[in-house]
Each structure stands twice: as C-alpha cells, then as structure tokens.
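First comes the structure, then the notes that go with it.
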C-alpha cells in the first residue's frame with residue numbers, strides 16, 4: 001500500500017490523468033459523440049415516399065429550414081426569447097440591487113435561498129402553477145373581475161399575434177410563464193455583478209456632486225450591465241429550447257422546441273429535427289461571442 | 001459631513017420592487033398548495049367551491065403514480081451516484097494541476113446545461129437510435145448523468161479551492177500515505193460539498209423532463225406523468241396533489257443544500 005502510494009506521489013501527472021480519464025471519457029464519448037451524431041444526421045435526408053432516413057450527404061434538409069413556416073417558427077421563438085429576457089432584466093433588477101447593496105449578511109443568505117429555491121424545485125410544477133392561475137375560471141380572472149378590468153383583459157387578448165381565447169392559451173400567457181420560470185437565472189448574475197461594485201465608488205460619485213439618480217445611471221447601471229448580459233444567456237437560451245411551456249400554455253403555432261419534438265417523434269424525421277436544433281445552437285454561439293465581448297463571463 | 005450619501009438605506013420604491021419580485025417568485029407555489037384541497041374536479045375555478053383532503057387519499061391509491069415515483073427515485077439515485085463519482089474525479093484533477101486545457105474540461109462539463117435541453121435530448125436520441133440500443137431505464141440514466149456531473153463538479157471544486165493544502169502536507173509529513181490522507185483529511189473536508197452537490201444533482205435528475213422525453217422508451221417518470229397531465233388534463237385534482245407533494249419533498253433537501261453552499265461561500269468571503 002505504501003509503495004503504491006509513493007509510486008503515485010512521484011508521478012502527479014499520471015494521477016491527474018487517471019482522475020481525468022473516466023469523466024472525460026464519459027463526456028467525450030457519450031456527450032460530444034452524441035452531438036456529433038446529431039450534426040451528422042442533419043446532413044442526411046428523409047425519403048418522402050418510404051419514410052426512411054437516407055444516409056447520404058445533402059444540404060437539402062437545411063434548405064427546408066428556409067420555408068416560410070419554418071422561418072416563422074425561428075422568428076417567433078427568438079422574439080419570445082428576446083421579450084422574456086428584457087422583461088426578466090427589468091423585474092430582476094430591484095431585488096438583485098437590494099440583495100447586493102442593502103441586505104445584511106444574514107438576510108442575504110436567506111434571500112439568496114429564496115431566489116434559488118424555486119429554481120431547483122420542480123420546473124414542471126411551476127409551469128403547472130401558471131396553468132392554474134391563468135385559466136379562464138382561475139385566480140387571475142377572479143382578480144381581473146374584482147377590479148373591473150375585464151375590458152382591458154379582453155382588449156389584450158384580442159390583439160393579433162399575441163392574443164388568444166384565454167390567457168392560458170395565448171402567447172401572453174406563455175410570456176408570463178417564461179418570465180417566471182427563468183427569473184432566478186437573471187437575478188443571481190446581476191446580484192453578483194452589483195456585489196463587486198465597491199462602495200467607495202458610489203461614495204466618490206456622490207462626493208463629486210452626483211445626485212443619487214445620476215450615480216445610478218452613470219455608475220451602477222454600466223457596472224451591472226455585464227451581469228444582465230450573463231443572465232440573458234440563460235433566459236435567452238432556455239426560452240429558445242423549451243417545448244414544455246408552448247405545449248402546455250400556448251396555441252397551435254409552433255416554437256422551435258415543439259418543431260424538433262414533433263419532427264423526430266411522429267414523422268421520424270430525425271434529419272430535419274437535427275437541422276432545426278442547429279438553429280438555437282448557431283444563435284447561442286453568436287450570442288455567447290457577443291456576450292464575451294461585453295464582458296459577461298466575468299459576472300458568471 | 002456628506003450632504004446625501006449614496007446607498008445607506010434602500011428607498012421605498014426599491015423595497016416595494018424587491019418584495020414584489022419575491023412575491024412573484026413564491027406566490028404561484030402557494031396557489032398549487034391551495035388547489036390541492038379543492039372539491040372542484042373538472043375545472044380550475046377560483047374561489048374554490050369547497051375544501052377537502054380526499055384527493056390525497058385518491059392519489060395514494062394510484063398505482064401509475066407510485067410506479068412513476070419509484071422510477072424517478074431509482075433514476076435520480078443512480079444518476080446522482082454517477083455524477084458524484086465523475087464530478088469528484090474531474091474536480092480533483094482540475095484542482096491538483098494546472099494542465100493545459102483545464103478550461104476545456106469545465107467548458108465540456110457545463111455544456112449540457114448551457115445548451116438548450118432539446119439539443120442534448122435529440123443528440124442522445126439520435127446517437128442511441130443509430131447504435132440500435134433499445135431505449136430503457138439505462139438510457140434515461142446515461143442522459144441524466146451528463147448534466148448532473150457539473151453541479152457536483154462545481155461544488156467540490158469550490159471546496160477544494162478553499163481547503164488548506166497545508167493540512168495535506170502535514171498529513172503526509174506525519175507519515176500518512178496518499179490513501180490515508182484522502183480518507184482522513186480530504187474526504188472529511190469535502191463531505192458537505194459532496195452532500196450539497198449530490199442533493200442538487202438528485203433534484204436536477206428527479207425533475208428533468210426534456211432530455212427524459214427523448215431518452216426514455218415506454219417508461220414514465222414522475223415529470224413525464226405530470227407533463228402528460230399538463231398537455232391533456234385528465235385527473236386535475238390528483239395532479240394538484242402530486243404537484244404539492246413534489247414541492248414538499250424537494251423543499252427540504254434543496255433548502256439545506258443551498259444553505260450549505262451559501263454559508264460556505266460566505267465564510268470564504270470573510271477569510272479574503
């Protein structure tokens with residue numbers, strides 16, 4: 001035993017290699033291998049008559065992505081992801097700011113847990129909560145009735161494109177649920193970014209005669225921005241790839257996730273489903289590159 | 001004397017905004033809790049027409065639910081074990097040495113949760129399908145392990161970085177071999193990080209639905225059962241009860257795991 005121990009002690013590089021071998025083998029073979037298989041599949045095509053996948057190199061599957069219906073799916077999903085990201089940044093800011101700058105150490109621990117607890121508790125159950133709240137006979141309608149806002153709600157639901165027969169069957173409902181579900185991903189990075197702003201900087205600003213609102217605009221907001229970008233990576237990426245919320249709360253107009261799900265499922269068109277997922281992958285890679293330029297990775 | 005210093009006290013508007021955000025995060029969960037006691041069987045009407053506890057009893061009788069729960073627990077346990085082993089090994093390797101490409105290791109581990117779940121899901125599905133492996137219990141676990149590794153890795157690596165390496169040196173100087181040092185010095189040091197990482201990995205797997213829909217065969221985990229009810233609600237009252245129970249079961253482990261991570265990262269701040 002001791003000799004074995006000495007043997008390893010003298011060869012630290014070997015030990016590192018041995019430690020790394022199993023996890024890396026797993027991730028590279030299973031995960032990267034699968035991603036590669038996916039990429040490969042996107043260059044195959046589905047023979048319409050036989051319904052079988054033909055394993056020959058072609059770009060025809062990618063060409064299908066540029067049909068108007070499919071472009072519509074990409075546009076709709078990216079638009080939703082953008083709207084959710086902006087809204088989440090707005091909702092997250094006050095709480096992040098409060099936790100970072102005003103909460104005592106003890107309170108901060110509890111607030112941090114309060115923010116991350118919903119994140120870890122069941123994602124499906126949280127979507128389900130909105131199905132209950134937003135349904136026609138549900139709690140939100142009751143409040144709308146209570147405050148006599150029915151005409152406002154009806155006007156909102158009759159808007160073309162985002163309206164629907166009820167909140168739980170409309171893009172507005174999806175928007176609310178998405179904002180809710182990804183909100184903690186926005187709060188935490190903004191909080192982290194704000195915690196790094198030294199108090200002396202804010203004092204210097206006010207010593208030099210800035211009003212609180214000026215300090216906020218010229219010092220705090222620019223320094224919080226990398227945090228917002230970091231958070232937006234999650235809110236944007238997660239909205240792009242989700243099919244649970246559109247399936248549960250949306251109308252019949254597809255999002256990227258649903259398109260992928262249905263192409264691989266019912267029609268067995270794995271090549272088209274694979275090509276579809278390359279959409280979010282490309283969008284995310286571009287997004288990450290921009291985010292890195294804007295300094296988001298320092299705030300993660 | 002400064003005239004108006006910045007940021008000694010939160011303004012009222014900020015407090016209201018912060019409380020509003022907190023309520024937005026938590027009230028929906030209370031709503032579910034409330035609905036599990038409704039007497040309404042066919043709609044989600046509010047105010048509740050009446051209160052009852054009978055649905056808890058009905059849910060307990062459902063064998064499809066018990067099977068789904070059992071499957072979810074088995075999958076989560078095995079995925080957690082796999083994540084603990086793989087994550088700890090990777091964390092130890094990255095901590096020990098400054099080798100070329102350790103950023104690549106972190107990047108590779110974080111990729112499965114950074115990319116949208118459908119990408120991981122369909123990638124695994126097309127790979128497993130083209131190898132003609134039947135979709136089963138084991139393919140679910142293979143999928144879950146890929147994205148659970150990173151939470152263990154992050155927790156354990158953070159702990160390693162806070163651990164004083166002088167302890168290890170002292171142990172070796174006093175004649176302990178590497179294995180004894182690991183057993184008596186390293187393991188006790190990282191124990192709570194393993195616990196926290198393991199609990200979070202368990203929660204992550206227990207809750208996962210997107211990757212699971214792609215890697216499962218005919219099996220139905222609890223999230224898949226809930227998802228089917230979300231799309232086509234057939235047993236509304238039972239679903240309400242299941243949702244409440246899921247919140248209650250996951251609440252305590254996650255609360256403690258978060259407290260362990262939050263407190264240990266707080267002490268890190270103090271020593272700096």
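The values are calculated or read from the model by the stated rules, or taken from the named source; none is laboratory data. What you see is a predicted model; the values in this text were computed from it and never measured. Virtual Cβ from ideal backbone geometry, glycine too; neighbours counted across all protein chains shown.
Filtered by the rule that a residue be within 21 Å of residue B:115 (Cα to Cα), within 8 Å of chain B (Cβ to nearest Cβ) and either at pLDDT below 85 or surrounded by fewer than 17 Cβ atoms within 10 Å (Cβ to Cβ) (or both), the stretch A:1-35 gives A:28, A:32, A:33. Which one is farthest from residue A:7 (Cα to Cα) among residues in the stretch B:180-190 that are without any contact (Cβ under 8 Å) to a residue 60 or more places away in the chain and touching a helix residue (DSSP H, G or I) at 6+ places or on another chain (Cβ under 6 Å)? Filtering the stretch B:180-190 for residues that are without any contact (Cβ under 8 Å) to a residue 60 or more places away in the chain and touching a helix residue (DSSP H, G or I) at 6+ places or on another chain (Cβ under 6 Å), the one farthest from residue A:7 (Cα to Cα) comes out as B:185. Report, by residue number, each residue of the stretch B:177-195 that is in a helix (DSSP H, G or I) and within 13 Å of chain A (Cβ to nearest Cβ). Within the stretch B:177-195, B:178, B:179, B:180, B:181, B:182, B:183, B:186 qualify.
For the stretch B:103-132, how many residues are more than 9 Å from chain A (Cβ to nearest Cβ) and part of a helix (DSSP H, G or I)?
Taking the stretch B:103-132 and keeping what is more than 9 Å from chain A (Cβ to nearest Cβ), we get B:103-104, B:106-107, B:110, B:113, B:132.
Okay, now just the ones that are also part of a helix (DSSP H, G or I), so B:103-104, B:106-107, B:110, B:113.
Count: 6.
The residues of the stretch B:31-41 that are surrounded by fewer than 16 Cβ atoms within 10 Å (Cβ to Cβ) and either more than 10 Å from chain A (Cβ to nearest Cβ) or in contact with a strand residue (DSSP E or B) (Cβ under 6 Å, 6 or more places away or on another chain) (or both), listed by number, are B:39, B:41.
Residue by residue through the stretch A:40-82, note down the ones that are under 30 Å from residue A:182 (Cα atoms) and crowded, with 17+ Cβ neighbours inside 10 Å. Walk me through it before giving the result.
Quick first cut of the stretch A:40-82, residues under 30 Å from residue A:182 (Cα atoms) only: A:42, A:65-66, A:68-82.
A:42, A:65, A:70, A:73, A:74, A:76, A:77, A:78, A:80, A:81 - these are the residues of the stretch A:40-82 that are under 30 Å from residue A:182 (Cα atoms) and crowded, with 17+ Cβ neighbours inside 10 Å.
For the stretch A:68-106, give me each residue that is free of Cβ contacts under 8 Å to residues at least 60 places away in the same chain, assigned to a helix (DSSP H, G or I) and in contact with a helix residue (DSSP H, G or I) (Cβ under 8 Å, 6 or more places away or on another chain). If the condition is that a residue be free of Cβ contacts under 8 Å to residues at least 60 places away in the same chain, assigned to a helix (DSSP H, G or I) and in contact with a helix residue (DSSP H, G or I) (Cβ under 8 Å, 6 or more places away or on another chain), then A:94, A:98, A:105 are the ones that fit. The number of residues in the stretch A:116-146 being within 26 Å of the chain's Cα centre (by Cα) and at the interface with chain B (Cβ under 7 Å from one of its Cβ atoms) comes to 18.
Determine, yes or no, whether residue B:174 is more than 9 Å from chain A (Cβ to nearest Cβ), over 19 Å from the mean Cα position of the chain (by Cα) and on the phi < 0 side of the Ramachandran plot. Judged against the criteria, residue B:174 is a match.
Residues in the stretch B:94-106 that are touching a helix residue (DSSP H, G or I) at 6+ places or on another chain (Cβ under 9 Å) and surrounded by fewer than 22 Cβ atoms within 10 Å (Cβ to Cβ): B:95, B:96, B:97, B:99, B:102, B:105, B:106.
Within the stretch A:185-198, can you find the residues that are in contact (Cβ under 8 Å) with a residue 12 or more places away in the chain and either surrounded by fewer than 24 Cβ atoms within 10 Å (Cβ to Cβ) or over 25 Å from residue A:237 (Cα atoms) (or both)? Before the answer, list the steps.
Quick first cut of the stretch A:185-198, residues in contact (Cβ under 8 Å) with a residue 12 or more places away in the chain only: A:185-197.
Those that are in contact (Cβ under 8 Å) with a residue 12 or more places away in the chain and either surrounded by fewer than 24 Cβ atoms within 10 Å (Cβ to Cβ) or over 25 Å from residue A:237 (Cα atoms) (or both): A:185, A:188, A:192, A:194, A:195, A:196, A:197.
Residue B:198 meets the conditions (1) closer than 30 Å to residue B:138 by Cβ; (2) more than 10 Å from chain A (Cβ to nearest Cβ); (3) out of contact with any helix residue (DSSP H, G or I) (no Cβ under 7 Å at 6 or more places or on another chain); (4) in a helix (DSSP H, G or I) in every case but one. The failed one is (3). For the stretch A:197-211, the criterion of being in a helix (DSSP H, G or I), modelled with pLDDT under 90 and within 20 Å of the chain's Cα centre (by Cα) is met by none of the residues. Going through (1) within 28 Å of residue A:19 (Cα to Cα); (2) outside the structural domain of residue B:206 (by TED's automatic domain parsing) one by one, residue B:141 falls short only on (2).
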